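The values are calculated or read from the model by the stated rules, or taken from the named source; none is laboratory data. Just so we're clear, the structure is a prediction, and the values are computed from it rather than from any experiment. Glycine also receives a Cβ, built like all others from the backbone with ideal geometry; neighbour counts cover every protein chain displayed. Each accessible area value is taken on the protein alone, full model and side chains, heavy atoms only, with ligands, DNA and RNA left out. Shrake-Rupley method; radii C 1.70, N 1.55, O 1.52, S 1.80 Å.
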Amino acid sequence: MIGAGPSGLYAAAALLASEVPVDVDVLDRLPAPYGLVRYGVAPDHQKMKSVIRVLQQPFADGSRVRFLGNVRVGDGGIPLDVLREHYHAIVHASGSSVDRDLGIPGEELAGSHGSGAFVSWYCGHPDFVDLDPLLDHPGVVVVGAGNVALDVARVLARGHAEMAATDVPDRVLDTLRGSAVTDVHVVVRRGPEHVKFTPAELRQIGDLDDVDVLVHDDGVLEAGVPEPEERRQKQNIAMLTEWTAHEPGTASRRIHLHFLRTPLRLVEEAGRVCGVVVERNEVRDGGIVGTGEEETLGAGLVVRAIGYSGEPIPGLPFDERAGIVPNDGGRVPGVPGAYVTGWIKRGPTGVIGTNKHDAVETVAHLLDDLHTLPAPPHPDPESVVERLEAYGIDPVTWDGWERLDAEELRLGEARGGAERVKVADLAGMLAAARNAVEAR
Ligand SMILES: Cc1cc2nc3c(=O)[nH]c(=O)nc-3n(C[C@H](O)[C@H](O)[C@H](O)COP(=O)(O)OP(=O)(O)OC[C@H]3O[C@@H](n4cnc5c(N)ncnc54)[C@H](O)[C@@H]3O)c2cc1C
Ligand SMILES: NC(=O)c1ccc[n+]([C@@H]2O[C@H](COP(=O)([O-])OP(=O)(O)OC[C@H]3O[C@@H](n4cnc5c(N)ncnc54)[C@H](OP(=O)(O)O)[C@@H]3O)[C@@H](O)[C@H]2O)c1
């Protein structure tokens, strides 16, 4: 299994539950398991992270599933071809971590980030410890109408005191403490009936302390949008319609929901972003068309939350447009012994639980094929570890992860009121996993 996110761990559990006795290694490039549950699910959604209790089950004592963290497969790590010499089958569960671009001028400016990078920063992902986003301007623009856009808007609108009770690293908390952000503008290209927010997440921004939510919809809600078929869309429309009556109050911060606006370009001042020019759209024949009318939203930070793409895996086919490995129910056509599951299989949509039936399907196909797959030249589990060592890789075991976990829980207690505080830098994670240094 390559990837210890939800899809890899659900697949490991499905293999373990089968009647075929199989040994499973779960490799992850990070010393910590859980993928986006750890590095995507918002820090103020700690309850959601309790799914970890289910995801960790395959690693119970005496199980045939082994965790090999700190093992990158591919460039800069162990080549896939080498790994294939050790396993009958390899399931790729590496997710979709590449931020999609808007493809508009100014996107490369300082202060402009994809949600993958920005969320990874506040979640303490070791690749993004140095992102240091600019929160020194009152305005922020978040582009997108999915739950990730709402997560980003909510985290930026919450007071830092509330964030101190979460697992964000100290450095992130310091940046949030110094934040000058008062107005978060969420820019949605289509109408209120098309948003992908889930009602629970939308309701949450309305319930934030000391935050007003203001709807900018050019009057389309009052005029009446076509009745959506889905229940969740109806709930969204009801909530948004109620909020159209909101006037700016006395709250310290505001979240603005701007509908029917397409970002055209980012505006630069002194080498960094200072605003976003958007075009007003109208709905015609069920689609949106630009009106040519432009307006500028002031922003010192722009986060595009418009979806992700997977990374191509050397040796496997890749669909650049969809950002996935083409597959047939998880089988990679033309590559015997190669399987995919989760976001790299079906694209970057779906909640944690969606990955369970997806993994079950892939594993069922793998087990059907097992008798046809040639035995690898080096099936002995110890041979993998020796091979990794030959590539200069010192894997973090499940015990190592548990030591890192214990250190983060200790840091949480030390902060007071936080269940855990993430160790974000890779050297610190490895040191804690190996008990190599005094806990910080
Ligand atoms: C910002 C954000 C917030 C979300 N919040 C929620 C939420 O609150 N509730 C909810 O239900 N769903 C949420 N989701 C959706 C949920 O996180 C996904 O459905 C799920 O994580 C996808 O699982 P995955 O295993 O396919 O990918 P991932 O979770 O991304 O796991 C992929 C794993 O593969 C590893 N990996 C990648 N490349 C390599 C390599 N070359 N070698 C070794 N290892 C590698 C990565 O380190 C990672 O651990 C959120 C998604 C995002 C983006
Ligand atoms: N709490 C939770 O349960 C939670 C939290 C976070 C994420 N998730 C899940 O994780 C998955 C990923 O979430 P996501 O928010 O990244 O994806 P998403 O739900 O697919 O939303 C992506 C948004 O980006 C917009 N978009 C795409 N390209 C654009 C462009 N060029 N210009 C402007 N807007 C553009 C889309 O608008 P159009 O609709 O117009 O294309 C859409 O609103 C989802 O399934 C989500 O539900 C769940």
Tell me, what ³J(HN,Hα) does each residue in the stretch 24-29 have, in order and in whole Hz, if you take phi through Karplus 6.51 cos²θ - 1.76 cosθ + 1.60 with θ = phi - 60° and put x for Gly and Pro? 10, 9, 10, 9, 9, 6
Rough spin-label spacing in nm, given labels placed 7 Å along Cα→Cβ, for Val82 and Arg321: 3.7 nm
Which FRET efficiency value, to the nearest 0.05, is calculated for Glu295 and Ser50 with the Förster distance at 60 angstrom and r the Cβ-Cβ distance? 0.90
Under the Kirkwood approximation applied to all pairs of distinct alpha-carbon atoms, what is the hydrodynamic radius of the stretch 122-252 in Å? 16.0 Å
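Quick one: if the Förster radius is 41 Å, what FRET efficiency do Glu269 and Thr354 give, using the C-beta to C-beta distance and rounding to 0.05?
On the way: r = 42 Å, r/R0 = 1.03.
E(calc), rounded to 0.05, equals 0.45.
Take every Cα pair under 8 Å in the chain that's 6+ residues apart, average their separations, divide by the length, and report that relative contact order as a whole percent.
On the way: 907 pairs, mean separation 101.0, N = 440.
Value for the chain: 23 percent.
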If each residue of separation counts as 0.36 nm, what is the full-extension length gain between Glu382 and Arg284 once their alpha-carbon separation is subtracted? 29.0 nm
Taking the Cα-to-Cβ direction at Ala180 and at Val335 and moving 7 Å from each Cα, how far apart do the two end points lie in nm? 4.8 nm
What range in the chain is the longest one free of GluC sites (Glu not before Pro) that are in a loop by DSSP and have at most 16 other Cβ atoms within 10 angstrom? 109-228
Sorted from largest down, give the three principal axis spans of the alpha carbons of the stretch 81-145, whole angstrom values. 55, 26, 21
Within the stretch 340-378, backbone nitrogen closer than 11 Å to the virtual label 7 Å beyond the Cα of Val22 toward Cβ: 340, 360-371
Net charge near Thr166 (other residues with Cβ under 11 Å of its Cβ; Lys, Arg +1; Asp, Glu -1) is +1
In nm, give the distance between the simple-model label positions of Ala245 and Ala406, each being 7 Å from the Cα along the Cα-to-Cβ direction. 5.6 nm
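Please compute the per residue accessible area over the stretch 214-359 with all protein chains in place, 1.4 Å probe, rounded to a whole number of Å².
I get 50 Å² per residue for the stretch 214-359.
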Of Gly76, Leu260, Gly206, farthest towards positive along the dipole that unit charges on Lys, Arg, Asp, Glu beta carbons give the chain: Gly206
Positive end of the dipole of the stretch 101-305, charges at C-beta (+1 Lys, Arg; -1 Asp, Glu), about the Cα centre: which of Leu240, Gly219, Ile104 has its Cα farthest in that direction? Leu240
Long-range HN-HN contacts of Val24 with modeled amide H, under 5 Å: Val65, Arg66
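Within the chain, which DSSP H helices have Cα atoms that stretch 27 Å or more along the helix axis and a mean Kyte-Doolittle hydropathy of at least 1.0?
Going by DSSP H runs, there are no hits.
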Relative contact order for the stretch 65-175: what is it in percent, counting Cα pairs under 8 Å that are at least 6 residues apart? 18 percent
Using alpha-carbon pairs under 8 Å, 6+ residues apart, how would you state the relative contact order of the stretch 101-305 in percent? 31 percent
Would you list the P(r) distribution for the stretch 220-330, with all Cα-Cα distances sorted into 5 Å bins from 0 and each bin expressed as a whole %? 2, 8, 12, 13, 15, 16, 14, 10, 7, 3, 1, 0
Taking the Cα atoms of the stretch 288-354, what is the range of coordinates along each of the three principal axes, in descending order and whole Å? 54, 26, 23
In terms of modelled amide H atoms, which long-range or inter-chain residues lie less than 5 Å from the amide H of Gly74? Leu80
I need the Kirkwood Rh of the chain: take the reciprocal of the average 1/r across all distinct C-alpha pairs and report it in angstrom. 23.2 Å
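Rounded to two decimals, what is the ratio between the C-alpha radius of gyration of the stretch 205-248 and 2.2 N^0.38 Å?
Working: Rg = 11.4 Å, N = 44, 2.2 N^0.38 = 9.3 Å.
Against the compact-globule rule of thumb, the ratio is 1.23.
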Over its alpha-carbon atoms, the stretch 1-55 yields an Rg and a Dmax in Å of 12.3, 40
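Per DSSP H run of at least 4 residues, take -39500 (n - 2.57); add these up for the chain, divide by its residues and hand me the 222 nm value, nearest 500 deg cm²/dmol.
Values: 16 runs with 140 residues, N = 440.
Here the helix-only value at 222 nm equals -9000 deg cm²/dmol.
Would you mind working out the magnitude of the charge dipole of the stretch 103-244 relative to its Cα centre, with +1 at each Lys and Arg C-beta and -1 at each Asp and Glu C-beta, to the nearest 20 Debye? Let's see the in-between values first.
Details: 11 positive and 25 negative charges, 62 e Å.
Roughly 300 debye for the stretch 103-244.
Ranked from the most accessible area to the least, with a 1.4 Å probe and all protein chains present, what is the order of Asp212, Asp217? Let's see the in-between values first.
Working: Asp212 35, Asp217 15 Å².
Reading off the accessible areas and sorting them downward yields Asp212, Asp217.
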Enter the Cα centre distance for the pair the stretch 363-434 and the stretch 171-243, rounded to the nearest angstrom. 38 Å
Size of charge dipole - the chain - debye, nearest 20, with Cβ of Lys, Arg +1 and Asp, Glu -1, no other charges: 440 debye
